[in-house]
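Here is the structure we will look at, set down as structure tokens.
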Amino acid sequence: MSTIRDKLREYRTAGYYTEFEYHWTMAVDLDRCTGCEACVVACQAENNLPIVGEKRMRQGREMKWLRIERYWDGDYPDARLNFIPMLCQHCDEAPCEIACPVFATYHNQDGLNAQVYNRCIGTRTCAVYCPYEVRFFNWFTYTWDEPLEQQLNPDVTVREKGVMEKCTFCVQRINRAKDLARDEDRRVADGEAQPACAQACPTDAIVFGDRNDPDSAVSRKLEDPRAYKVLEELNTHPSVVYLKNAREPLAGHEDDDHHGEESDSHAASPVMWSEESSEAVA
Amino acid sequence: MSATRELMFDHGQPSYSEVNNDVINALTTTTWRYWVTLGISAGTALLFFVAPWIYQIIVGVGAAGMNRNAMWGTYLSNFIFWIGLSHSGTLLSAVLHITQSDWRKSIYRSAEAMTLFSLMTAAMFVMVHVGRVWFVHWTFPFPNPMELWPNFRSPLMFDVMAILTYLTASSVFIYMGSLPDFAAVRDRSTGLRRRIYAVMCFGWRGTAHEWHTLGWAYTFFAVLVIPLAVSVHSIVSWDFAMSTVPGLHHTIFAPYFVCGAIYSGTAGIVTVMWMLRKFMGFGRYIGQLHIDNLSKLLLVLSLIWTYINICENFSGWYSGTSFEYEAILYRIWEGPFWWLYWEMILFCAVVPLVLFSRRIRTNWNLMLVISILINIGMLTERFVIVASSLPRKFLPDVFGTYFPSLVEISITVGSFAIFTTLFLLFVKIFPAVSIYEVKETLNPLRRREAHT
Amino acid sequence: MTLLASFAHEDAALDAARALRENGVDGVDLYSPIPLHGADEALGLGKSMVRVFTLLGGILGAIGGFTLCVWTATRFILPTAGRPVITLPPYLLITYESTILLGTLMTLLGFFVVARLPAWRDRTYRASSNVDRFVISVAGPGASDAEEILRAAGAESIEREESE
């Protein structure tokens, strides 16, 4: 009887996991981001992303698991460019996960939003539900011209047409680190598992690690008063945290930050941050 | 009662045997015009639906015009349109059966057939829509070597279950209602046709016991179908409403879609009734009373529909979130499809207001035009909902546009041909007007004059 | 032996059926082109057993639908979107649909069982009863007594058919 009650409690736990084995988290310091797109290229190379070509790019069918979004601050000539790298946020309450009728996307024990390519039937509902627009659909079966197919990463599947794909936080690298740690009977050390983008970032704007470990670099970043999450008000609980760009306000926009909520409409960034953090910056 | 009996037939009451003759002759005598129409519509279906679909399966869904921003396009909006069109037949038939409205009896068979065939067309669109149609069976719960079952928490699984149930229930409903008529066809025909209908009617003899059982079973089907039909389109609306997308994430979507569905379905019935009168010679059975009642229903539904539309835009404005506000603005004014939005308002909210006039309500040709306009409006309504919300969600950097490709347009056209083909086959298999139920609406064959 | 009496009027046929019943004749059946109000009472048909099938189907569907959701979700646990594995609102929707599905299918089964269909064999039957005639058949030992009653009730024609 008690086992039934235990089972029931287990199955009625919101999100099923009471604690993640590792809680992989990424912190992106927008102050450090120069918009060089090294991360984009690294991601493309690591994850066998196809180069879709100019025509399909213009149709809006590019495959970029990680993209640098650009937002302008102020009016020309007093304009300033802000960058925000946008990738799968690995939300703990992901809108995309409820959508899939065949469990092609689910939440794994590490807090990762996993995508199972084999299982996907391509209803594309997950991409519609995703507020960050970071899911990409294989409209065609993409091929690589000779000899470019030689450079494909053997650790990553090549996807066929009709399959949804997205950033995995370089799950192949995470798994390699975890396997190594398990062999040596220890936990993965901080910095041991690095996605391609974090590794490639020349200014160390992207920090990746385990949030469960209070001493990890990413945990320290989370305590930064500039930290905020994109579209947090949608209650998605993202695992990617951004550190706000805290530069001097532009001329003519000096009092932007003093308005609190109001500043949102003037700020170039479309993202909203929680009230505490924006006040802390002010 | 007798007053409605007189009203129901514009040219006097037929006798019992005349009903049999009229309906079964329409079934068995086939002119060359029928074959030509069937050939054209089947050819159109092959050329415009099947061929582009095969092409799309070979190259990938990229053959359609969808992109990163608009992951859903006309396939999904057409799916909703066809599901909507399916809503009136069975639902109306069941409601009118329960409320014992006699005027239902000469139109319900074709209305239910419309339900069935639009549902089938809608199911085709699901398969056209998905990326890997060859794995679409994974959405059904069946034991498999992967030990993986579908995700019953997904709104799409609600859809699968709802459509499966609706398809089953409405097939059963139309088939059971036709059993006695199959027996009547069997008795009038010879040879192969007789043998086929003997099997199809399950050996129906019309004994009191059989009628009694059918009556009970039929009422239960009707009772089960009503809540089902309401749930089906609510569930379809939740595919949209359960997302976070501004412009789709509305609580009003369930009643909005159900109302829109019945609206477009009723307009569809009017169109089909006109066709039956014109091409099948059922003018004697489908008359002024039917068109008048259907038009009144259309008028009521158009008013409800207008009200819900106002509500939707009002709540977008009143919500105070810039995302919602801009989504509404993009839909009705700033986006590339603003003219489609106003076309839909014109056809679905403004034009039906003329139905306040009884002279227009009872004019068949005018009603044909109005009903087709309403369905054009409803087709674009679904398109506008999809195409004006998805390209602009939250992050302005990835705002995009969507325009259907030739493949999508062709498949949309082809779907109408598929529906027409199925319906043309139907009128030669099922008696398109219920024989025994029309007889029920005639003056009863009594030795003594009826005093009731 | 089976006696088949044909009537042109429904009230005549119903009167005949009632008279036969009052005289204790067994094996009476009434064939009509439309469902006759009053036939239930004239032939002593009560509430149909179909409703039991519908009820059973509904209950079975409700239990089955919910069990299917819970069972499949707990076979292979794939957590999604911060929801518990057993999530009530979506599972109740599936339950709702499966209740109606099984209810419909069981009603269909109930119809076939109660009406004793399908019967793809030759049975006593007059084609005219699917057009505009009301036919009463009397089978078995009562047939010889019935002829008089049927004629008195106004039968147009009476035929005899030797049963197999």
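Quick grid of which residues meet (1) closer than 30 Å to B:Y436 by Cα; (2) open to solvent by 10 Å² or more (accessible area, probe 1.4 Å):
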{"site": "B:A63", "(1), (2)": "no, yes"}
{"site": "B:Y75", "(1), (2)": "no, no"}
{"site": "B:S93", "(1), (2)": "yes, no"}
{"site": "B:L96", "(1), (2)": "yes, yes"}
Yes or no: region C:99-110 includes at least one residue that is facing another protein chain (nearest Cβ under 7 Å), without any contact (Cβ under 8 Å) to a residue 24 or more places away in the chain and open to solvent by 20 Å² or more (accessible area, probe 1.4 Å). yes
What's the total number of residues in region A:86-110 that are more than 7 Å from every other protein chain (Cβ to nearest Cβ), of a type outside the set (A, V, I, L, M) and either part of a loop (DSSP other than H, G, I, E, B) or in contact with a Leu (Cβ under 7 Å, 6 or more places away or on another chain) (or both)? 7
Every residue from region B:210-226 that is open to solvent by 20 Å² or more (accessible area, probe 1.4 Å) and more than 7 Å from every other protein chain (Cβ to nearest Cβ): B:T219, B:V223, B:I226
Could you say whether any residue in region B:169-190 is outside any helix (DSSP H, G or I), within 7 Å of chain C (Cβ to nearest Cβ) and touching a residue at least 24 places away in the same chain (Cβ under 8 Å)? no
Taking B:S118, is it modelled with pLDDT under 90, hydroxyl-bearing (S, T, Y), closer than 30 Å to B:L289 by Cβ and crowded, with 20+ Cβ neighbours inside 10 Å? no
For region A:111-120, state whether one or more residues are surrounded by 24 or more Cβ atoms within 10 Å (Cβ to Cβ) and outside any strand (DSSP E or B). yes
Mind checking which residues of region C:23-45 are within 9 Å of another protein chain (Cβ to nearest Cβ) and either over 26 Å from B:D181 (Cβ atoms) or among the polar types (S, T, N, Q) (or both)? C:S32
Taking region A:154-187 as the region of interest, how many residues are of a type in the set (S, T, N, Q), under 30 Å from B:A64 (Cα atoms) and open to solvent by less than 40 Å² (accessible area, probe 1.4 Å)? 1
Take the residues in region C:67-98 that are of a type in the set (V, I, T) and open to solvent by 40 Å² or more (accessible area, probe 1.4 Å), then tell me which one is nearest to the other protein chains (Cβ to nearest Cβ). C:I77
What about B:S388, is it assigned to a helix (DSSP H, G or I), closer than 30 Å to A:Q59 by Cα and in contact with a Pro (Cβ under 8 Å, 6 or more places away or on another chain)? no
In region C:16-60, residue nearest to C:L105 (Cα to Cα) [restricted to those that are assigned to a helix (DSSP H, G or I) and touching a strand residue (DSSP E or B) at 6+ places or on another chain (Cβ under 9 Å)]: C:A39
Candidates A:C39, A:C43, filtered to the one that is buried (at least 20 other Cβ atoms within 10 Å of the Cβ), closer than 20 Å to A:N138 by Cα, touching a helix residue (DSSP H, G or I) at 6+ places or on another chain (Cβ under 9 Å) and at pLDDT 90 or above: A:C43
Testing B:A261 on (1) surrounded by fewer than 24 Cβ atoms within 10 Å (Cβ to Cβ); (2) at pLDDT 90 or above, one condition comes back false. Which one is that? (1)
Do we have B:I418 as crowded, with 23+ Cβ neighbours inside 10 Å, away from chain A (no Cβ under 14 Å) and touching a helix residue (DSSP H, G or I) at 6+ places or on another chain (Cβ under 8 Å) here? yes
Just checking, does region A:100-113 include any residue being free of Cβ contacts under 8 Å to residues at least 12 places away in the same chain and at negative phi? yes
Any residue that is more than 14 Å from chain A (Cβ to nearest Cβ), touching a helix residue (DSSP H, G or I) at 6+ places or on another chain (Cβ under 7 Å) and open to solvent by 10 Å² or more (accessible area, probe 1.4 Å) - is there at least one of those in region B:386-408? no
Given the structure, is B:S295 crowded, with 22+ Cβ neighbours inside 10 Å and in contact with a Cys (Cβ under 9 Å, 6 or more places away or on another chain)? no
Selection status of B:A349, more than 25 Å from the chain's Cα centre (by Cα), assigned to a helix (DSSP H, G or I) and among the aliphatic types (A, V, I, L, M): no
Search result, residues across region C:113-133 that are buried (at least 18 other Cβ atoms within 10 Å of the Cβ) and within 8 Å of chain B (Cβ to nearest Cβ): C:V114, C:A115, C:L117, C:Y125, C:S129, C:N130, C:V131, C:D132
Just to check your reading of the model, which residue among A:E184, A:E133 is closer than 30 Å to B:A162 by Cα and not β-branched (V, I, T)? A:E133
Taking region B:98-115 and keeping only residues that are aromatic (F, W, Y) and surrounded by 21 or more Cβ atoms within 10 Å (Cβ to Cβ), one is left with B:Y108
Step by step: first the residues of region C:46-66, then only those that are under 17 Å from the mean Cα position of the chain (by Cα) and more than 10 Å from every other protein chain (Cβ to nearest Cβ), then the one that is most open to solvent (accessible area, probe 1.4 Å). Which residue is that? C:L56
Of the residues in region C:1-42, how many are aliphatic (A, V, I, L, M), open to solvent by less than 10 Å² (accessible area, probe 1.4 Å) and touching a residue at least 60 places away in the same chain (Cβ under 8 Å)? 9
Does B:G43 qualify as being in a helix (DSSP H, G or I) and open to solvent by less than 10 Å² (accessible area, probe 1.4 Å)? no
State whether the residues of region B:237-256 include one that is in a helix (DSSP H, G or I), touching a Leu at 6+ places or on another chain (Cβ under 8 Å), at pLDDT below 85 and of a type outside the set (G, A, S). no
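The values are calculated or read from the model by the stated rules, or taken from the named source; none is laboratory data. Only a predicted model underlies this, so the values are computations on that prediction, with no experimental measurement involved. Methodologically, a virtual Cβ is constructed for each residue, glycine included, from the backbone with ideal geometry; neighbour enumeration extends over all protein chains shown. All accessible areas refer to the heavy atoms of the entire protein, side chains included, with ligands and DNA or RNA removed. Shrake-Rupley method; radii C 1.70, N 1.55, O 1.52, S 1.80 Å.
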